[in-house]
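Below is one structure, written out as structure tokens, with a few remarks after it.
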Amino acid sequence: MKNVTITVEDEALEWARIEAAKRNTSVSRLVGELLAERMRQEDAYELAMREALNFPSWGKSEGPYLTRDELYDRARFR
């Protein structure tokens, strides 16, 4: 583990102190846990995005796409 020095607004530091006390931990550990959680969320989002972008197509379109007006006119008569 590495030590770092950060600059924090007074209100944010006060919140961190209170939150750390509620969790019975230090501000340093709280910040480390928050950063680690954010990293896991970002990694999970990126993985989900890659999987979504690699989703195979269900088929190919034959001919031009319908215009918005054609789509709604066709749907009205079903």
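The values are calculated or read from the model by the stated rules, or taken from the named source; none is laboratory data. Keep in mind that this is a model prediction, so the values were computed, not measured. Cβ sites come from the backbone with ideal geometry, for glycine too, and all protein chains shown count toward neighbours.
Summary table
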{"quantity": "Glu11 being loosely packed, with under 10 Cβ neighbours inside 10 Å and in a helix (DSSP H, G or I)", "calculated": "yes"}
{"quantity": "Which listed residue, of Ser57, Ser28, is within 26 Å of the chain's Cα centre (by Cα) and at pLDDT below 80", "calculated": "Ser57"}
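Quick grid of which residues meet (1) in contact with a Phe, Trp or Tyr (Cβ under 9 Å, 6 or more places away or on another chain); (2) in a helix (DSSP H, G or I); (3) under 28 Å from Glu9 (Cβ atoms):
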position: Leu34; (1), (2), (3): no, yes, yes
position: Glu37; (1), (2), (3): no, yes, yes
position: Tyr45; (1), (2), (3): no, yes, yes
position: Glu51; (1), (2), (3): no, yes, no
position: Phe55; (1), (2), (3): no, no, no
position: Gly59; (1), (2), (3): no, no, no
